[in-house]
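Have a look at the structure below, then the notes.
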Amino acid sequence: MTLSRAMVLGGLGQAGQLVAQALTHAGSEVVVVDVRPRSEAINAARYVQADITKPDDDLLRAIADADCVAMCLPERAALAAAPAILDAMAKQSGRALWIDTLSVKQNICGILRSYTENLELVSINPMFAPALGFAGHSVAFVEISGGPKSEAFGQTLRSLGATVELLTPETHDKLTAAIQVATHAAILAFGAALLDLDYDPEKALALATPPHRSLLSLLQRLSTNNPEVYWEIQHHHPDAATVRASLNRALATLDAASRANTPRQFQQLFERLRQLLSGSALS
């Protein structure tokens, strides 16, 4: 099935451009909507400058006529705008496809569950920086209400080289607590420690070990991206505070083991870590 008319709300952002490219690849006529002036880099057939959190009647009518609407706004704005957009979509006779790219699923999916009779509803999370593209990367795919349009969109992602992982909202948020919240917090804390240590990258790199270089590479990758993306994950994820508290406890445990007069606690920690990873693909 072809999604002939698609609208990407927040289409000038990185996630919006990624989704717009996917829909264009699928053969859709894509309309990009954003509050900012049009960028020359956007190749959509049409562009509408509008505030999606305050949609006027013309925008709502255009949304109601679309086969697919992709919500690519930041979390707070997306949650505020979603009910009006969903109400407009639900007015058409066919079941249009809703897509969103929010990094926390339980909040948005709680809203989506009220529209399962009238719409196909998919909430995705590209697990990579959008500039990298879909090829070779994983996409979390939370299907609240499926159908031919949802299936076609999933197939489009696969045709672009993505690995599509089907998840429930609850499983998604449980996994991303470790995959995103803990990982990002640990890398950023490492960077904050370097700032506190008056770190000199040029001198350190001449002597750096492979693990240190790996962490520096990850830190550079995060720090060159949009800080708001990482703040949203740390701020909005329901388990974020618990995860950061766990990291604090882990550092306290490491500190206590380091101060002990024997390496016994270190040996126990290493053994538990080996057991954790023993059955994984990393082994």
Self-check item: Candidates GLU117, GLU143, filtered to the one that is touching a strand residue (DSSP E or B) at 6+ places or on another chain (Cβ under 7 Å) and either free of Cβ contacts under 8 Å to residues at least 40 places away in the same chain or among the small types (Gly, Ala, Ser) (or both)
Solution: GLU143
Exercise. Please enumerate the residues belonging to region 127-166 that are touching a Phe, Trp or Tyr at 6+ places or on another chain (Cβ under 7 Å) and of a type outside the set (Gly, Ala, Ser).
Key: HIS137, LEU157, LEU160, VAL164, GLU165, LEU166
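Just wondering, is there one or more residues in region 119-132 that are open to solvent by 30 Å² or more (accessible area, probe 1.4 Å), within 16 Å of GLY11 (Cα to Cα) and touching a Gly at 6+ places or on another chain (Cβ under 9 Å)? Spell out the reasoning first.
As a first pass, look at region 119-132 and keep what is open to solvent by 30 Å² or more (accessible area, probe 1.4 Å): 127, 130-132.
Next cut, within 16 Å of GLY11 (Cα to Cα) only: 130-131.
Still in the list and also touching a Gly at 6+ places or on another chain (Cβ under 9 Å): 130.
Yes, region 119-132 contains at least one residue that is open to solvent by 30 Å² or more (accessible area, probe 1.4 Å), within 16 Å of GLY11 (Cα to Cα) and touching a Gly at 6+ places or on another chain (Cβ under 9 Å).
Considering each of ILE179, ILE187 in turn, give the residue that is without any contact (Cβ under 8 Å) to a residue 40 or more places away in the chain, under 17 Å from TYR230 (Cα atoms) and not acidic (Asp, Glu). Lay out the reasoning, then the answer.
Details: ILE179 fails: without any contact (Cβ under 8 Å) to a residue 40 or more places away in the chain.
ILE187 is the lone residue from the list that is without any contact (Cβ under 8 Å) to a residue 40 or more places away in the chain, under 17 Å from TYR230 (Cα atoms) and not acidic (Asp, Glu).
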Quiz item: Residues in region 142-163 that are of a type outside the set (Gly, Ala, Ser) and open to solvent by less than 10 Å² (accessible area, probe 1.4 Å): how many?
Solution: 3
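The values are calculated or read from the model by the stated rules, or taken from the named source; none is laboratory data. Because the structure is a prediction, the values reported are computed rather than measured. Every residue, glycine among them, receives a Cβ derived from its backbone with ideal geometry; neighbour counts consider all protein chains shown. To get the accessible areas, we keep the full protein, side chains included, count just its heavy atoms, and leave off ligands, DNA and RNA. Shrake-Rupley method; radii C 1.70, N 1.55, O 1.52, S 1.80 Å.
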